[in-house]
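Engineer: What follows is a single structure, and I will ask about it in a moment.
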Amino acid sequence: MALLSKKDTNLITDPLADNNPITIQVLGICSALAITAELKASLVMAVSVMFVLGAGNVVISLMRNIIPSKIRIIVQLIVVATLVIIVDQVLKAYQYELSKTLAVFVGLIITNCIIMGRFEAFALANGPWRSFLDGIGNSLGYGIILVIVGFFRELLGSGTLFGYPVLGDPITKTGLYATGYENNGFMIIPPAALIVVGIIIWVQRSRNPALVEEN
Amino acid sequence: MSLKSKLHELKLKYQGKKMAPAFNAFHTFLFSPDETTHAGGTHVKAADDLKRTMNTVIMALIPVLLFSMFNAGYQHYSAINGFPADFSVMNDFLTWDNFWIGIIKVLPLVVVSYGVGLLVEFIFAVIKGHEVEEGYLVTGMLVPLIVPVDTPLWMLAVAVVFGVVIGKEVFGGTGMNILNPALTIRAFLFFAYPTWMSGDKVWVYGARERSEEILAGANVDAISGETILGYLAQNKGAEMTYSVSDMFFGFIPGSVGETSAFLILLGGLFLIYTKIASWRIMVSAVIGSLVMGLIFNQIVDFGWVSESSKFYGLMSFDFWKHLIVGGLAFGIVYMATDPVTGSQTNKGKWFYGFFIGFISVMIRVFNPAYPEGVFLAILLMNVFAPTIDHYVIRGNIKNRMKRLKNATIYPKDSDGKAEELKAETV
């Protein structure tokens, strides 16, 4: 007996590729554009969303039979807000510099469409264990795109990874910079993320034509 | 056997093979295809296919390119030795020394632009199995003319790949793009490598090297390669030594091919004469920039802007001079008139062109950090062009509906048939 049944495994693996929240459902784009200039920020954002979505899905799933449907959005908001404030406070306490980089975007996890989307579409109709897996799966799918985008933007834009200069020093011209290479300032600004995400979507759909929408 | 028939034989041999598009691209460049239209049915035949159209634009660009090669050298030597006291075109400008600088600095830009851009086009054509599209012929010539002369070649190559793939191929190739690919390349360069695209060190060959030598401690004079707009943006218009005829004929620093308003004007007239480019867009863009320039001049005349204001230099610049400095003339003639990304309707072209001129001058004045807004203005209007067309067409439909509603339809009675019919039926 495997740890997870096949159906449950799919809850985690589907959002990683063929039902990815960012590249297929095109949700959560705002934060993907805003905070992916550095790999570290992307990773922290991904972990924060994983916590909020995993815990939030469980909470909503447990309450699903007692929430009056007319006020369910408000209840969902309160749950997300509570979890987000916890994340925010933890970040401020242990990673103050990073929380300044992420600034308002941790707070804006509340409005991240993926979270409300999973609450509405999954947690309200499924048990806590499956909701938890769904939350982890979707936040992993979100996080993996964030990390890919963050990797390319930080490498090409700043020449660093996790703040560590992998391409040499641009000021004293060592490493790759000695050959005349320069950092690409375009990758630092948010529109670059749109293009990187667009290229990921392009590659993904040309590898799997079943994903291409009819229009 | 002639070359033509040999090529046709080769074409049959390659038909259906993977490399067929690549071969056909070169083939149709030399000769028109030997296939004839089928008998029966209606066919429109025109000699000016896409390749011939593109070639016409390139012909209009050749004088600009040649001038820019001389100018690259002229600016370089003038910056080192000082401007010649009594300037004569033959002795000081059209010299072999100047042209040599053009060959080593400008020609590589052209080669890289065409080489990389066409390589991307060929790869896409072979992968997707369609014919190589001609769209890059003009773009490839425009790109080296709108970048600073000192642009490193690898940057240009990266930008060209970006511009052709993201600006054009993802939308479906030539004719489907929303933004002008040449300007997409320029915009990419500007945002990616701003230190190479603006400032006072990039417009003249050698200025950057000199400044690096001075930093390293060499005892040489710095070269100033500030553009006219650069001077004005810093309120240093008085230090400028360029006369109006310098500006008009193009003996000034700037992007490679943008300086000579005179040759651009000739190119524009040629394009209008051959009906390749729209005169409506050119005229309305000129009007637009003059209007905006006049508004700023009036603001200065009213005394609403003090001389210490950072906008004063550009606001007080004579409104008509905006057309002969910077890239405005080049943008209006060769970029704004791109038939793919511009407005298609005649009325729409007037709006489209007007706002290009209007916004260009506005950006120039209000963005002193980078006093050249032409490429941003054209890209912006590229985005709005379909919307403009939409409303023009809607307006036309509305007018015609109104006409239909109010129309009185008289019976045709010229030949008396109507009367006859009437008599029969009664």
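Engineer: Pick from B:L314, B:L379, B:L119: which is most flexible by mean-square fluctuation in a GNM of chain B where alpha carbon atoms under 10 Å apart are linked?
Structural biologist: For chain B, modelled as a Gaussian network with Cα springs under 10 Å, the answer is B:L119.
Engineer: Ok, one more. Using Cα pairs closer than 8 Å and at least 6 residues apart in sequence, work out the relative contact order for chain B, in percent.
Structural biologist: Dividing the mean separation by the residue count of chain B yields 14 percent.
Engineer: Next question. Once phi is turned into θ = phi - 60°, what whole-Hz ³J(HN,Hα) does the Karplus curve with 6.51, -1.76 and 1.60 give for every residue of the range B:187-193, x standing for Gly and Pro?
Structural biologist: Calculated HN-Hα couplings, in order: 5, 4, 4, 5, 7, 7, 10 Hz.
Engineer: What spacing in nm lies between the two simple spin-label points modelled at A:E120 and B:M59, each 7 Å away from Cα in the Cβ direction?
Structural biologist: In this crude spin-label approximation the distance works out to 6.0 nm.
Engineer: What average count of beta carbons from other chains do you get within 10 Å of the Cβ of residues in B:152-161?
Structural biologist: Per-residue shielding by partner chains comes out at 2.
Engineer: Work out the mean other chain Cβ neighbour count within 10 Å for the residues of A:174-186 and drop it here as an integer.
Structural biologist: That works out to 3 on average.
Engineer: Add -39500 (n - 2.57) for each DSSP H run of 4 or more in chain A, then divide by its residues: what number comes out at 222 nm, to the nearest 500 deg cm²/dmol?
Structural biologist: After summing the helix terms and dividing by the residues of chain A, the value is -19500 deg cm²/dmol.
Engineer: If you keep only loop residues by DSSP, which GluC sites (Glu not before Pro) in the range A:112-215 have at most 12 other Cβ atoms within 10 Å of their Cβ?
Structural biologist: Qualifying residues, ordered by number: A:E213, A:E214.
Engineer: Once each part is reduced to its C-alpha centroid, what is the distance from the range A:27-56 to the range A:130-171 in angstrom?
Structural biologist: Between the Cα centres of the range A:27-56 and the range A:130-171 lies a distance of 10 Å.
Engineer: Hey, can you grab everything whose amide H is under 5 Å from the amide H of B:G257? Only 5+ residues off in sequence or another chain; H modelled, so Pro and N-termini drop out.
Structural biologist: B:I146, B:V147
Engineer: Is the shape of the range A:69-215 rounded, prolate or oblate, going by the alpha carbon gyration tensor and its root eigenvalues a ≥ b ≥ c, with a/c under 1.5 for rounded and a/b larger than b/c for prolate?
Structural biologist: Oblate shape, in that a/c is at least 1.5 and b/c is the bigger or equal ratio.
Engineer: Determine the shape class of the protein assembly as shown: with a ≥ b ≥ c the square roots of the Cα gyration tensor eigenvalues, call it rounded for a/c under 1.5, and otherwise prolate if a/b is greater than b/c, oblate otherwise.
Structural biologist: The shape class here is oblate.
Engineer: Related question: Ignore the peptide's own chain and count Cβ atoms of other chains within 10 Å of each Cβ in A:194-206; give me the average, rounded.
Structural biologist: Partner Cβ neighbours, averaged per residue: 1.
Engineer: Give me, ordered by chain and number, the residues 5 or more places off B:K168 or on other chains with an amide H under 5 Å from its own placed amide H.
Structural biologist: Those qualifying (amide H under 5 Å, at least 5 residues apart or on another chain) number zero.
Engineer: Taking the alpha-carbon distance from B:K105 and a cut-off under 15 Å, which aspartates and glutamates remain once sequence neighbours fewer than 8 residues away in the same chain are dropped?
Structural biologist: B:D97, B:D150, B:E209
Engineer: Pull up all non-local amide H partners of A:L161: gap of 5 or more, or a different chain, and H-to-H distance under 5 Å with H placed in the peptide plane.
Structural biologist: For A:L161, whose amide H was placed from the backbone, the distant partners under 5 Å are A:V166.
Engineer: Taking the Cβ of A:V212 as the centre, find all other residues whose Cβ is under 13 Å away and add up their charges (Lys, Arg: +1; Asp, Glu: -1).
Structural biologist: -1
Engineer: Excluding same-chain residues fewer than 8 positions from B:K11, which aspartates and glutamates have a Cα within less than 16 Å of its Cα?
Structural biologist: Filter leaves B:D34, B:E35, B:E131.
Engineer: So, counting K/R as plus one and D/E as minus one, what does the shell of residues with Cβ under 14 Å around A:V147 add up to?
Structural biologist: That works out to 0.
Engineer: Out of B:R364, B:R52, B:R394, any idea which swings most in a Gaussian network model of chain B, alpha carbons joined below 10 Å?
Structural biologist: The residue that fluctuates most here is B:R394.
Engineer: In whole Hz, what ³J(HN,Hα) sequence does the range B:306-316 give by Karplus (6.51, -1.76, 1.60; θ = phi - 60°), x for Gly and Pro?
Structural biologist: Here the 3J(HN,Hα) series is 7, 5, 8, 4, 6, 8, 4, x, 7, 5, 8 Hz.
Engineer: With contacts defined as alpha carbon pairs under 8 Å and 6 or more residues apart, what's the relative contact order of chain A in percent?
Structural biologist: Details: 265 pairs, mean separation 71.8, N = 215.
That works out to 33 percent.
Engineer: Kindly write out, for the range A:189-199 in residue order, the coupling ³J(HN,Hα) from the Karplus curve 6.51 cos²θ - 1.76 cosθ + 1.60 (θ = phi - 60°), rounded to whole Hz, with x marking Gly and Pro.
Structural biologist: Values, residue by residue: 7, x, x, 4, 4, 4, 6, 5, 4, x, 5 Hz.
Engineer: Taking chain B as a Gaussian network, where each spring joins two C-alpha atoms under 10 Å apart, which residue of B:A238, B:A385, B:A39 fluctuates the most?
Structural biologist: Among B:A238, B:A385, B:A39, the largest GNM mean-square fluctuation belongs to B:A39.
Engineer: Calculate the spin-label point distance for B:W304 paired with B:N406, positioning each point 7 Å from the Cα along the beta-carbon direction, and give it in nanometres.
Structural biologist: Modelled inter-label distance: 3.9 nm.
Engineer: Taking neighbour Cβ counts within 10 Å as the exposure measure, how do B:H27, B:H8 sort from fewest upward? If you can, show how the numbers build up before the last one.
Structural biologist: Details: B:H27 19, B:H8 16.
Ascending number of Cβ neighbours within 10 Å: B:H8, B:H27.
Engineer: Going down the table (A:K40/A:K92; B:K13/B:K51; B:K51/B:K128; B:K321/B:K347; B:K17/B:K168), which pairs top 18 Å between alpha carbons?
Structural biologist: Checking Cα-Cα distances, B:K13/B:K51; B:K51/B:K128; B:K321/B:K347; B:K17/B:K168 exceed 18 Å.
Engineer: Once you sort the root eigenvalues of the Cα gyration tensor of the range B:79-132 as a ≥ b ≥ c, which label holds: rounded (a/c under 1.5), prolate (a/b larger than b/c) or oblate (the other case)?
Structural biologist: Note, shape of the range B:79-132 comes out prolate.
Engineer: For the peptides B:196-202, B:283-289, B:99-105, B:89-95, what is the packing order when you average, over each peptide's residues, the other Cβ atoms within 10 Å and list the highest mean first?
Structural biologist: B:283-289, B:196-202, B:99-105, B:89-95
Engineer: Which value in deg cm²/dmol, rounded to the nearest 500, describes the helix-derived mean residue ellipticity at 222 nm for chain B, given -39,500 (n - 2.57) per DSSP H run of n ≥ 4 and division by the residue count?
Structural biologist: -19500 deg cm²/dmol
Engineer: Work out the FRET efficiency for B:M240 and B:E213 from their Cβ-Cβ distance, taking R0 = 22 Å, and round it to the nearest 0.05.
Structural biologist: The pair B:M240/B:E213 has a calculated efficiency of 0.30.
The numbers here are math on the coordinates, done by the rules we state, and not lab data. Note that the structure is predicted; figures quoted are calculated from it, not measured. Heads up, the Cβs are rebuilt from the backbone with ideal geometry, glycines too, and the neighbour counts pull from every protein chain shown.
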